[in-house]
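Laboratory data are not the source of any read-out in this text; all were calculated from the coordinates shown. Values in this document were obtained by computation on a predicted structure and should not be read as measured data. Cβ sites come from the backbone with ideal geometry, for glycine too, and all protein chains shown count toward neighbours.
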Ligand code: UDP
Ligand code: MG
């Protein structure tokens, strides 16, 4: 029997991109011997994405789920994962930055026995400026180091997952999901393949540098408690350093030297005030997560679908 592939595509205000990506995928599968369908997740779009869905609804390999509001890309993909029933599940963006022509290569790897095949951005992307490359490289290094996950620079949400992996992901019911990390965390036989992202077909990206910072804090605090230890280490370092100051004070007293120091005192207060606020913030993030998790609210709410 032919194996079934479902492609999950989150879409937030992607009205112009829906039909082009659906057609591209249709072309790709024309030459492949698999049953397939596409499951679009409307993530609370405010444009006419939903109207385009109704135009496609007579096609048998078009499926959709519509969320009651904008929940975020990872939540939208999770909604898809929770509702698929296929042997192979592929997730990708709606804007054609993830080239559908990579799908046959991914499926070949699956046939070889890999259970997770994820795509990460090729570093030599000519569309990206030097500064952005540097920022991105630092961002991924920091995220990898602090989260304890080996995340390749530019790892994307373009990936193929085996049915078994999806079953595990379905069972992970946590607040604030970071799928790229969760997919790494679950294990199984994984392999990364490189891709060169295309330019966005229509519309604009919804991710800014601020959003990336938020992603980093999310990613790190979802997978490790390392930042909490930073407080202890910093505390040790600075207490030790302050001991070095004692001989200086004693000598000053013996020789009756004036103790100048308004500015150094203020500087010290400001510095440690800042440090304490940062650490309070870090602790706060973890408490906030426990608070949200304890409410046990769903990651998304579905308002309609054609499953
Ligand atoms: N997306 C979504 N919900 C959001 C933001 C984005 O479902 O709140 C979808 C979007 O429609 C696209 C994918 O996530 O299919 C990637 O978004 P985008 O292209 O804006 O991000 P970038 O490519 O810049 O990382
Ligand atoms: Mg994009």
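Tabulated data for the structure shown
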read-out	value
Percentage of interatomic Cα-Cα distances in the chain larger than 31 Å	40
Projected area averaged over orientations for segment 35-124, convex hull of C-alpha atoms, nm²	7.3
Scattering profile of segment 59-111 at q = 0.13, 0.16, 0.18 Å⁻¹ [log10 I(q)/I(0), Debye over alpha-carbon scatterers]	-0.41, -0.62, -0.78
Nearest-ten-degree value, helix 73-83 long axis tilted from longest Cα axis of the chain	50
Shape call, segment 110-182: gyration tensor on alpha carbons, a/c limit 1.5	oblate
Approximate shape of segment 1-80 as ellipsoid semi-axes (Cα gyration tensor, √5λ), whole Å, largest first	23, 14, 10
Whole-angstrom gap from segment 142-187 to segment 272-305, using each part's C-alpha centre	19
Mean shadow area of segment 136-281, taken as a quarter of the surface of its Cα convex hull (nm²)	13.6
For segment 205-287, the spread of Cα positions along each principal axis, largest first, Å	64, 25, 18
Value at 222 nm in deg cm²/dmol, rounded to 500, when DSSP H runs of n ≥ 4 in the chain each add -39,500 (n - 2.57)	-16000 deg cm²/dmol
Spread of Cα-to-Cα distances over 5 Å intervals beginning at zero, given as percent, for segment 1-160	2, 8, 16, 19, 19, 16, 12, 6, 2, 0, 0
Estimated inter-spin distance, residue 32 and residue 276, nm [label 7 Å along Cα→Cβ]	5.8
Per-q log10 I(q)/I(0), segment 3-45, q = 0.30 Å⁻¹ (Debye; single scatterer per alpha-carbon; no solvent)	-1.08
From the C-alpha gyration tensor of segment 82-146, square roots of 5λ in Å	28, 15, 13
Angle in degrees between helix 130-147 and the longest Cα principal axis of the chain, rounded to the nearest 10	80
